[in-house]
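> Before anything else, here's the structure in question.
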Amino acid sequence: MNATDLIIFNFEEVRRRSIQVWQAIPAEMLNWKPDEDALTCAEMIRHILQADFLYHQVLIGRGSKGLVHLFNPFEAKPFISVDDELEFAQPYREELLKYITAIPVSDYATIKIDLYDLGGFIRTLGDMLLRIPYHEAVHTGQLLDYMRTMGIDRPKIWD
């Protein structure tokens, strides 16, 4: 396995586990949130899936300039179900992964992604490619905590 293979493997494994969590949330609980300032389960799932599209634009634009004047196809779409969200988001996921597989490994250390205005940081492309699935993993962990708080069974994602 080379560096790109490992990065793609990490993306896929994080997503596989996220889907297990998302599909274990009963439909009637998708609008639950732990407090008034938190995202609902559905909003968190949408946030993660939408992030594939947005991060792809960030990578292409090498930073926040990739988000300027951007049409976000997720903004006008109502959340219907987890399966509907997954189906809608799949082409954007595939485009992101295709883009990543085409990046020369030598670019991982030389290209900078400038998100200083949005997140307060400038990182190498390689760093950013590790941060994207980490972002998803953090939110999936939050959803596991939501499920614990709701008193519903949590899937065993550590296989």
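The values are calculated or read from the model by the stated rules, or taken from the named source; none is laboratory data. Because the structure is predicted, anything quoted here is derived from the model rather than measured. All Cβ positions, glycine included, derive from the backbone under ideal geometry; neighbour counts span all protein chains shown. With ligands, DNA and RNA removed, areas are computed over all heavy atoms of the protein, side chains included. Shrake-Rupley method; radii C 1.70, N 1.55, O 1.52, S 1.80 Å.
> Quick test for you: out of Leu86, Leu118, pick the one residue that is open to solvent by less than 80 Å² (accessible area, probe 1.4 Å), hydrophobic (A, V, I, L, M, F, W, C) and either within 15 Å of Gln57 (Cβ to Cβ) or touching a residue at least 24 places away in the same chain (Cβ under 8 Å) (or both). Spell out how you get there, then give the answer.
Working: Leu118 fails: open to solvent by less than 80 Å² (accessible area, probe 1.4 Å).
Result: Leu86 is the single residue among Leu86, Leu118 that is open to solvent by less than 80 Å² (accessible area, probe 1.4 Å), hydrophobic (A, V, I, L, M, F, W, C) and either within 15 Å of Gln57 (Cβ to Cβ) or touching a residue at least 24 places away in the same chain (Cβ under 8 Å) (or both).
> Where the second residue is open to solvent by 80 Å² or more (accessible area, probe 1.4 Å) and the first is under 14 Å from Met147 (Cα atoms) and lies in the range 33-45, which pairs have Cβ atoms under 9 Å and are six or more apart or on separate chains?
Taking only residues 6 or more apart or on different chains, the pairs are Lys33/Glu43; Pro34/Asp145; Pro34/Thr149; Thr40/Asn31; Cys41/Asn31; Ala42/Asn31.
> Then there's this: What residue, among those in the range 89-142 that are of a type in the set (Lys, Arg) and under 13 Å from the mean Cα position of the chain (by Cα), is farthest from Val21 (Cα to Cα)?
Taking the candidates together, the pick is Arg131.
> What are the pairs, 6+ residues apart or on separate chains, where a residue within the range 2-20 that is in contact (Cβ under 8 Å) with a residue 24 or more places away in the chain and farther than 17 Å from Gly126 by Cβ has its Cβ under 9 Å from a residue that is of a type in the set (Lys, Arg) and surrounded by fewer than 17 Cβ atoms within 10 Å (Cβ to Cβ)?
Gln20/Lys156
> How about the range 17-51: which of its residues are of a type in the set (S, T, N, Q) and within 17 Å of Pro78 (Cβ to Cβ)?
Looking only at the range 17-51, we keep the residues that are of a type in the set (S, T, N, Q), and these are 18, 20, 23, 31, 40, 50.
Correct list: Asn31, Thr40, Gln50.
> Against the conditions (1) in contact (Cβ under 8 Å) with a residue 12 or more places away in the chain; (2) open to solvent by 40 Å² or more (accessible area, probe 1.4 Å); (3) not β-branched (Val, Ile, Thr), where does Glu28 fall short? Just the number, please.
(1)
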